[in-house]
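The values are calculated or read from the model by the stated rules, or taken from the named source; none is laboratory data. No experiment lies behind these values; they were computed from the predicted model shown. Here the Cβ is made from the backbone with ideal geometry for all residues, glycine too, and neighbour counts use every protein chain on show. When the accessible area is computed, the model is the full protein with side chains, heavy atoms only, and any ligands, DNA or RNA have been set aside. Shrake-Rupley method; radii C 1.70, N 1.55, O 1.52, S 1.80 Å.
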Amino acid sequence: MNDFMMFSLVPMTVAILISLTCALLGNFLVLRRQSLISDAISHVALPGIVASFLLTGTIASAAMMLGAGVSALVTVVMIEAIRRLGRVEISAAMGVTFTSLFALGVLLLEVSQASGVHIDVQHALYGNLESLIWFEGVGLASLIDPTALVTLPPQLARVAMVALLVLVFVLVFRRHLILGSFDSEFAASIRARPALIDLLLVTMVAVAAIAAFEAVGSIIVIAMFICPAAAARLVTNHLGAQIAWSQLFALVSAVSGYWLAGSGLIWLGLDMSLSAAGMIATVAGLILLLACLWGPQRRGHAVLSNA
Amino acid sequence: MIEDWWLALAFSAGYNTTLVTLGAMLLGAGAGMIGAFVLLRKRSLVSDAITHATLPGLALAFVLIGVVQGDGRWLPGLLLGAALSAALGLWLVQWIGTRTRLGEDAAIGAVLSTFFAFGVVLVTVIQSMNVTGQSGLTGYLVGSTAGMLAVEAKLIAVCALVLLAAIFVLRREFLLVCFDADFAQTQGINTWRVDLLLLLLLMAVVVIGLKVTGLILIVALTITPPVTARFWTHRPSRMVALAALLGALSAYLGVTLSSARESLPTGSLIVLSAFAIFLVSFLAAPRRGVFASLLAHQRFRHRVHLRQGLLSMSHNEPIFDGLTLKLLRRAGYIRRDGAATPQGRAAARDAEHEERLWALYRRLYPGDALHREHAGLEPIARVLPPDAINDLEQRLPPKGEPA
C-alpha cells in the first residue's frame, strides 16, 4: 500500500485526468472530422516548450504552457495561411506546417543540448509518467497531512487545473460546440460564431496536449484524443451517451494500461516494467479495434441526435 | 564551419559524407516523386500514419534479431520488420475508413498514435533486455545520418534507386488515376490496384528513409516538396518531376549543412531546407505565389475602378472615389480639375458601347455569360470572335433604349 501511495498514486491520477480530458475534447474533434488537428498540435508542443526554455531559462510550468500555447496558435495561423493564400489542400497544409515546426523543435533541442539543457528528445516523444514519484506519500495518512501534500509533484495540480478548465469550457459552450459539430452553416446563420468556437476548441486541444506532453509524450497523446472518442462513436448514436462512453473507455484505458505496464509482466513472472503511457495508448487502441469489429453502431450513417 | 559546409557541398568532405549525401538525395527524389502522386490523390497525411506505424515492427525485429545474434542492429532485418508493421497500419487505415463510419482522419490518427505507442512499449522491453546496439535504435526516431555506416548508406542508395526506377516506370498509370480515377477505370486500369501500388511504394520510401531523417520527419519529405512544386506548375507530370528535384535539393542542403558541425541533426535540417524552399515558392512563385496573387488582385481592382469611372463619365455622373480619380488621371482621361480630356471622352464612349454590347450578350446568351469569368470587364474583342461581335452590333438597339 505504501509503495502504491509513493510510486503509483500520482502517475495513475495524472494518467486518468489526462485521458478523461483528452477524450472529452476528442468527441468534438472526431465529430467534426478534425482529429488530425490533435496530431498537428501535439507535434508542435515540442518547439514551443524548447523555445520558451531558451527565452526564459526556466522550465517553470507557466512559461512552458505559454510557449506551447503560442506555438499552437502559430500552427493554426500557419495552416490557415498556407491553405487560403496558397490554395493548398488542408491535410497537405497541415503536413507542411507541423513537420517543419517539429523539425525546428528537434534542431533547437539538439543545438541547446550542447549548452547543457536537459530536455530529452526521447522523453518528449515517449513521456515519462513513472517519474512522478511522491516521496512523502508514505501511507493513507499522508493524504491529510499538509506537509506531505505540499511535496506532491506539481504536474498533478497542473493536470487537474487543465481538466477543470476543459470541463468548464465544454459545459459553457456545449450548445455552440454541438451546433458547430453538426451544421456549421446553420450555426453561422444564427450567429453562433462557429469560427470563434473552432479557434477556442483548438486552443483547448493545445492546452490539454501541453498538460499531457510532459507526462505521456507528444505522440501518445494523440491516441488519448482520438481512440476513446472514436470507439464511443461506434457504440451509440446519442451525443450524450457517446461522451459518457468515451469517458468510460478513457478511464478503463488509463487504469488497465497503467496496471499492465507496471505489474502485468511481473504477474507473468517477467521482472520488467514497460512504458505506462505507451501501454495506456495501446489499450485505448485495442478498445477502438474491438469497437470497430463489434460496435453496435459501427456502420450507421452520420445520424446523431442530441438527446 | 562555413568552410566545412562548402567542402560538403562540393562533395569533397570525405568518402562517407559523399556517399550519405548521394543516398539521401536519391531518397529525397523518390520521396518527392511518390509524394506528388499522393498529394494529387489528396492523401498526404496517410504517410504520417505509415511512418509512425513502422516503430513496433522495427522494435520487434530488433528484439528477434537481438535474441538470435546478440546485437539487434542488422539493417535489412530492421527494414523488413518496419515494412511489415507499416503495411499492417496501412491496411488498418483503409479498413477503418471503409468498413466503419469513422472518417479517414480518425483512422489515420488512431493508427499512427496506437502503433507508435505500442512501439514505445516494445522499446522499453528492449531497454530491459540484454542486447547490444540499443542506442542505435533511438537513431530511427529523429534520424542519425552522422552515425551511418558506409554499408548502410550504400544499401539506402541502392534501394532508393530501385524505387525511383519503379516509380518512373509506373508514372503513367499513377498520373491517370490521380488525374481522373473514373476515366482511368474506363481505360481498363484497375484503380484499386494502382492505389495500393502507390501506397506500397510510399511505404518503401518511408522505411528506407527511417535511417536518414528518422521516422517522425520522413513524412515531411513526402509532403513539402510536392506542395512546393505545385506552386510552380499545374501540369501534373511537371509537378512530379519538380517535386523529385526539390526533394533531392532539400536532402542535399540538409545533409551538407548538418555535416558542418557535430551536433546538428540531419533529419531536421533536411526538413527545414525543404520548408525554406517552400516558403520562397509560397511567397514568390510567378502565378500562384502570394505576391503574384496580391499583384493580380490589385490589377483586377484597378481595372474595375477604371471601368466604373469611364462609365460614370459617359453618363455625366460625378466621381467621388479617390482611387478611381487617381487612375483616370494617370491614364490621361481627366485633367487635374476633374474635367474630361478629349481622350477621356472617347474612352468613355467606347466603354459605354462595350457595356451595352455585354449587356445584350448577357441577355441573349445568359448561360454562356455565366461561364465567362468577369464577363464585362475584359474588352469584348478579346473574349468573343469577330463575327459574334458583328452579330451583337447588328442587334444593338439605338442609343437611349435599354439593351
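Counting only the Cα atoms, the protein assembly as shown fills a convex hull of 225 Å³ per residue.
At q = 0.22 Å⁻¹ the log10 of I(q)/I(0) for region B:148-213 amounts to -0.87, computed by Debye summation with a single uniform scatterer per C-alpha, solvent ignored. Computed about its Cα centre, the charge dipole of the protein assembly as shown is approximately 2300 debye, with only Lys, Arg, Asp and Glu carrying charge at their Cβ. Compute for chain B: radius of gyration divided by Kirkwood radius, i.e. Rg/Rh, restricted to C-alpha atoms, rounded to two decimals. Radius of gyration relative to Kirkwood radius: 1.19.
With solvent modelled as a 1.4 Å probe, how much accessible area in total do chains B and A shield from it at their shared surface, in Å² to the nearest 100?
Roughly 4900 Å².
Take chain B, connect every pair of alpha-carbon atoms lying under 10 Å apart with a spring to form a Gaussian network, then pick out the residue of B:Thr54, B:Thr228, B:Thr98 with the largest mean-square fluctuation. In the Gaussian network model the winner is B:Thr98.
What number comes out for accessible area per residue over the protein assembly as shown if the probe is 1.4 Å? Units Å², please.
Values: 31830 Å² over 710 residues.
Counting only protein heavy atoms, the per-residue value for the protein assembly as shown is 45 Å².
Scanning chain B for long hydrophobic helices, with DSSP H runs required to stretch 20 angstrom or more by C-alpha along their axis and to average at least 0.5 on the Kyte-Doolittle scale, returns B:15-40, B:46-69, B:75-99, B:104-127, B:150-179, B:191-213, B:218-232, B:236-258, B:266-284. Projecting label points 7 angstrom from Cα along Cα→Cβ for A:Glu80 and B:Arg345 puts them 5.3 nm apart. A loss of 10 Å² or more of accessible area (1.4 Å probe, protein heavy atoms, ligands and nucleic acids excluded) relative to the isolated chain is seen in these residues of region B:204-245: B:Ile216, B:Leu217, B:Val219, B:Ala220, B:Ile223, B:Thr224, B:Val227, B:Phe231.
Note on the protein assembly as shown: helix-only mean residue ellipticity at 222 nm, from DSSP H runs of 4+ residues weighted -39500 (n - 2.57) and normalised by residue number, equals -25000 deg cm²/dmol. Expressed as a whole percent, the accessible surface of the protein assembly as shown that belongs to carbon and sulfur atoms is 65, based on a 1.4 Å probe.
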